[in-house]
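J.: Dropping the structure in here first, questions after.
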Amino acid sequence: MDSSSSSPNNNNHHKLGFQPARSRSRLAMASPANTSEPKIVTGTAGYILEDVPHFTDYIPNLPTYPNPLQDNPAYSVVKQYFVHVDDSVPQKVVVHKDGARGVHFRRAGPRQKVYFEADEVQAAIVTCGGLCPGLNTVIRELVCGLHHMYGVKKVLGINGGYRGFYARNTITLTPKSVNDIHKRGGTVLGTSRGGHDTKKIVDSIQDRGINQVYIIGGDGTQKGASAIFEEVRKRGLKVSVVGIPKTIDNDIPVIDKSFGFDTAVEEAQRAINAAHVEAESVENGIGVVKLMGRNSGFIAMYATLASRDVDCCLIPESPFYLEGPGGLYEYIEKRLKENGHMVIVIAEGAGQELVSESVQSMSKQDASGNKLFQDVGLWISQKIRDHFAAQKTLPITLKYIDPTYMIRAIPSNASDNVYCTLLAQSAVHGAMAGYTGYTSGLVNGRQTYIPFYRITERQNHVVITDRMWARLLSSTNQPSFLDAKGDNEEKEEEEALNQLPDGHCAKDTSLASKEINSSIYPTAC
Ligand SMILES: Nc1ncnc2c1ncn2[C@@H]1O[C@H](COP(=O)(O)OP(=O)(O)O)[C@@H](O)[C@H]1O
Ligand SMILES: O=P(O)(O)OC[C@H]1O[C@](O)(COP(=O)(O)O)[C@@H](O)[C@@H]1O
Ligand SMILES: [Mg+2]
């Protein structure tokens, strides 16, 4: 929707009471600084801390205040409630006897000193990009965390993504107004693609007197948040810019997994079950399910591993081919002869090179610049039907199920709700403590603050030379398609190299992988 033509009266945000911008107010400012450099701290035995920016890096002589949590009766029972200033979390938990300690991130959590007084804070929350289960839970917990832990009363919701900063009205968020939003899918704030204009956004931040900005979104959004942080820093503003990673595709690196991912995988089971029931009820039945995953096949991979009814999982990271020995048609024929039916799960970004060979490629992009794909599910279903119709020896019945938006437009499940709560509270603790320019994320099961550049430098992909993909291959028994035109090997090696943590050897694929943390995802045996 064009932001300039949209009115706050024509959507549900009106009901929530969106307010127009206030007149320009002044914020604490210091002399402008240059673009921020990574803050790397080294220690003994190869210890590296990839630290996040702090107000004190560019604003001198800021007053501090005791953390009000120390007087909060709910937390008074907790021993060592405040995080030690030197606490950090290792990026890799698998270590060798003589190995370097490696990269660490600052541990999230409440600090003894804070850099804001409660009534000084004007927080703002925005959601950008595609939907994801749990968005409303994060919004709720940011509002409640700010109120209940730090006594912050002024929290604004930005309407409709980044462009809402300068083209829409805002809504006042209170614990009462967000009380049961976690039970709903979507985002009560609305979202959008495109429309990121750094200067206008930072102007709006200044105009509205905002000094804490919580930006919930995926890889594109975090790039936008990083640009906002750089501009805020350049202007010398005392404004915390905090990212909260959201991605249904799980394509954000470093973090264990994104919120809403579990919920999406769980919901995908319903589509896979339906495909299985349809397929096994007829002779030579084939069920095809298309799942989200533009460049990363995590949803398809985990939905397949969870289901055990899937015979073949096709993801963008693993090119496949249809014809000839080792190809998909041969495998389908074998599976139907063995078992009488089969289920294929395909991620939306899989096989796009094959689709564009046979369908004229449109190479269109969405408003954020993401490439728009052809419908690979429809395409592959038709190819399979045509192949077996031409062959005449094996009459098949194929049912295609496309639950695309159903897996992301739902409320988050119980475990994602807890995860969203921790993410939001960690984000708030960091902002109150004067940290800025960071994404709040789970690393090896612990909450951390990760510098933006680590989040935006690459996408997280399934590594098909990794153990998790091997587990999948062994559970489905599908061909690996590794002989496909001999070009897979090169691609994998490149991928593994991209995923390497500093100082590790590319041959060590267990280190090269960004496998989802096994403490969160029980690994298959
Ligand atoms: N490189 C970038 N720099 C600044 N803003 C960006 C960049 N890429 C995307 N954005 C903005 O981030 C928002 C969401 O991006 P999008 O790619 O649609 O979703 P997601 O953040 O979920 O990946 C959009 O408003 C888009 O304009
Ligand atoms: O139709 P929309 O809203 O653009 O969303 C579709 C896309 O959004 C995704 O869920 C990813 O969205 P994000 O990049 O916003 O996380 C893809 O899997 C899918 O291709
Ligand atoms: Mg994205």
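J.: May I ask you to list the residues in the stretch 318-353 that are out of contact with any strand residue (DSSP E or B) (no Cβ under 9 Å at 6 or more places or on another chain), among the acidic types (Asp, Glu) and modelled with pLDDT of 95 or more?
T.: Glu323, Glu330, Glu333, Glu338
J.: From Ile252, Ile299, grab the single residue that is among the aliphatic types (A, V, I, L, M), within 14 Å of the chain's Cα centre (by Cα) and in a loop (DSSP other than H, G, I, E, B).
T.: Details: Ile299 fails: in a loop (DSSP other than H, G, I, E, B).
Result of the check over Ile252, Ile299: Ile252.
J.: Here is a further query. Considering each residue of the stretch 374-407, count those that are within 16 Å of ligand 1 (Cβ to nearest atom) and either among the β-branched types (Val, Ile, Thr) or not assigned by the TED database to the domain that holds Asn284 (or both), and give that number. Talk me through it step by step, then tell me what you get.
T.: Of the residues in the stretch 374-407, the ones within 16 Å of ligand 1 (Cβ to nearest atom) are 404-405, 407.
Still in the running and either among the β-branched types (Val, Ile, Thr) or not assigned by the TED database to the domain that holds Asn284 (or both): 404, 407.
Number satisfying all stated conditions: 2.
J.: Additional query: From the set of residues in the stretch 106-135 that are among the hydrophobic types (A, V, I, L, M, F, W, C) and assigned to a strand (DSSP E or B), which is nearest to Thr421 (Cα to Cα)?
T.: Restricting attention to the stretch 106-135, the residues satisfying the condition of being among the hydrophobic types (A, V, I, L, M, F, W, C) are 108, 114, 116, 118, 121, 123-126, 128, 131-132, 135.
Keeping just the survivors that are assigned to a strand (DSSP E or B) gives 114, 123-126.
Working: Val114: 21, Ala123: 17, Ala124: 17, Ile125: 15, Val126: 17 Å.
The selected residue is Ile125.
J.: While we're on this one: Could you check how many residues of the stretch 32-71 are of a type in the set (Val, Ile, Thr) and outside any loop (DSSP other than H, G, I, E, B)?
T.: Step one: list which residues in the stretch 32-71 are of a type in the set (Val, Ile, Thr), which gives 35, 40-42, 44, 48, 52, 56, 59, 64.
Next cut, outside any loop (DSSP other than H, G, I, E, B) only: 40-42, 44, 48, 56.
Number satisfying all stated conditions: 6.
J.: Which residue pairs have Cβ atoms closer than 8 Å, lie 6 or more positions apart in sequence or on different chains, and pair a first residue in the stretch 74-86 that is modelled with pLDDT of 85 or more with a second residue that is part of a loop (DSSP other than H, G, I, E, B) and of a type in the set (Lys, Arg)?
T.: Pairs that qualify, where the first residue is modelled with pLDDT of 85 or more and the partner is part of a loop (DSSP other than H, G, I, E, B) and of a type in the set (Lys, Arg), are Phe82/Arg111; Val83/Arg111; Val85/Arg111.
J.: Further question: Among the listed residues Ala268, Ala306, Ala264, Ala274, which satisfies the condition of being away from ligand 3 (no atom under 15 Å from the Cβ), surrounded by 24 or more Cβ atoms within 10 Å (Cβ to Cβ) and outside any loop (DSSP other than H, G, I, E, B)?
T.: Numbers: Ala306 fails: surrounded by 24 or more Cβ atoms within 10 Å (Cβ to Cβ); Ala264 fails: away from ligand 3 (no atom under 15 Å from the Cβ); Ala274 fails: surrounded by 24 or more Cβ atoms within 10 Å (Cβ to Cβ).
It is Ala268.
J.: Only residues that are under 25 Å from Gly130 (Cα atoms) and polar (S, T, N, Q): list them for the stretch 203-220, please.
T.: The answer is Ser204, Gln212.
J.: Return the residues of the stretch 102-125 that are touching a helix residue (DSSP H, G or I) at 6+ places or on another chain (Cβ under 8 Å) and surrounded by fewer than 16 Cβ atoms within 10 Å (Cβ to Cβ); say none if nothing qualifies.
T.: Within the stretch 102-125, just Gln112 meets the criteria.
J.: Being away from ligand 2 (no atom under 16 Å from the Cβ) and acidic (Asp, Glu) is true for just one of Asp207, Asp219. Which residue is that? First the steps, then the outcome.
T.: Details: Asp219 fails: away from ligand 2 (no atom under 16 Å from the Cβ).
Going through Asp207, Asp219 in turn, just one is away from ligand 2 (no atom under 16 Å from the Cβ) and acidic (Asp, Glu): Asp207.
J.: OK, next. Go through the stretch 348-373 and give me each residue that's within 16 Å of ligand 1 (Cβ to nearest atom) and not aromatic (Phe, Trp, Tyr). Lay out the reasoning, then the answer.
T.: Here is the first cut: in the stretch 348-373, the residues within 16 Å of ligand 1 (Cβ to nearest atom) are 348-349, 364-373.
Glu348, Gly349, Lys364, Gln365, Asp366, Ala367, Ser368, Gly369, Asn370, Lys371, Leu372 - these are the residues of the stretch 348-373 that are within 16 Å of ligand 1 (Cβ to nearest atom) and not aromatic (Phe, Trp, Tyr).
J.: How about the stretch 149-179: which of its residues are of a type in the set (Ser, Thr, Tyr), within 26 Å of Gly129 (Cβ to Cβ) and out of contact with any Phe, Trp or Tyr (no Cβ under 7 Å at 6 or more places or on another chain)?
T.: Here is the first cut: in the stretch 149-179, the ones of a type in the set (Ser, Thr, Tyr) are 150, 162, 166, 170, 172, 174, 177.
The next check asks that each one be within 26 Å of Gly129 (Cβ to Cβ); those that pass are 162, 166, 170, 172, 174, 177.
Of everything in the stretch 149-179, those that are of a type in the set (Ser, Thr, Tyr), within 26 Å of Gly129 (Cβ to Cβ) and out of contact with any Phe, Trp or Tyr (no Cβ under 7 Å at 6 or more places or on another chain) turn out to be Tyr162, Tyr166, Thr172, Thr174, Ser177.
J.: Okay, moving on. Filtering the stretch 449-484 down to residues that are under 15 Å from the mean Cα position of the chain (by Cα) and of a type in the set (Val, Ile, Thr), which residue is surrounded by the fewest Cβ atoms within 10 Å (Cβ to Cβ)?
T.: Thr456
J.: Continuing with this model, one more query. What residue, of Ser363, Ser356, Ser368, is surrounded by fewer than 13 Cβ atoms within 10 Å (Cβ to Cβ) and either at pLDDT below 95 or of a type in the set (Asp, Glu) (or both)? I'd like the intermediate steps shown before the answer.
T.: Working: Ser356 fails: surrounded by fewer than 13 Cβ atoms within 10 Å (Cβ to Cβ); Ser368 fails: surrounded by fewer than 13 Cβ atoms within 10 Å (Cβ to Cβ).
After ruling out the rest, the residue left standing is Ser363.
Yes or no, residue by residue, for (1) part of a loop (DSSP other than H, G, I, E, B); (2) touching a Lys or Arg at 6+ places or on another chain (Cβ under 8 Å); (3) at positive phi:
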residue	(1), (2), (3)
Gly326	yes, no, yes
Tyr331	no, no, no
Arg335	no, no, no
Met342	no, yes, no
Ala350	yes, no, no
Glu357	no, no, no
Ile380	no, no, no
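J.: Can you tell me which residue is surrounded by the most Cβ atoms within 10 Å (Cβ to Cβ) among those in the stretch 382-409 that are within 16 Å of ligand 2 (Cβ to nearest atom) and assigned to a helix (DSSP H, G or I)?
T.: We begin by selecting, within the stretch 382-409, every residue within 16 Å of ligand 2 (Cβ to nearest atom); these are 402-409.
Filter once more, so that each one left must be assigned to a helix (DSSP H, G or I): 404-407.
On the way: Thr404: 15, Tyr405: 12, Met406: 15, Ile407: 24.
Across the stretch 382-409, the extreme among qualifying residues is Ile407.
J.: Follow-up question, since we're still on this one. With the condition kept exactly as written, say whether any residue in the stretch 139-150 is within 16 Å of ligand 3 (Cβ to nearest atom), within 30 Å of Val265 (Cα to Cα) and touching a residue at least 40 places away in the same chain (Cβ under 8 Å).
T.: Taking the stretch 139-150 and keeping what is within 16 Å of ligand 3 (Cβ to nearest atom), we get none.
Checking the stretch 139-150: not a single residue is within 16 Å of ligand 3 (Cβ to nearest atom), within 30 Å of Val265 (Cα to Cα) and touching a residue at least 40 places away in the same chain (Cβ under 8 Å).
The values are calculated or read from the model by the stated rules, or taken from the named source; none is laboratory data. All values reported here derive from a predicted model rather than from experimental measurement. Here the Cβ is made from the backbone with ideal geometry for all residues, glycine too, and neighbour counts use every protein chain on show.
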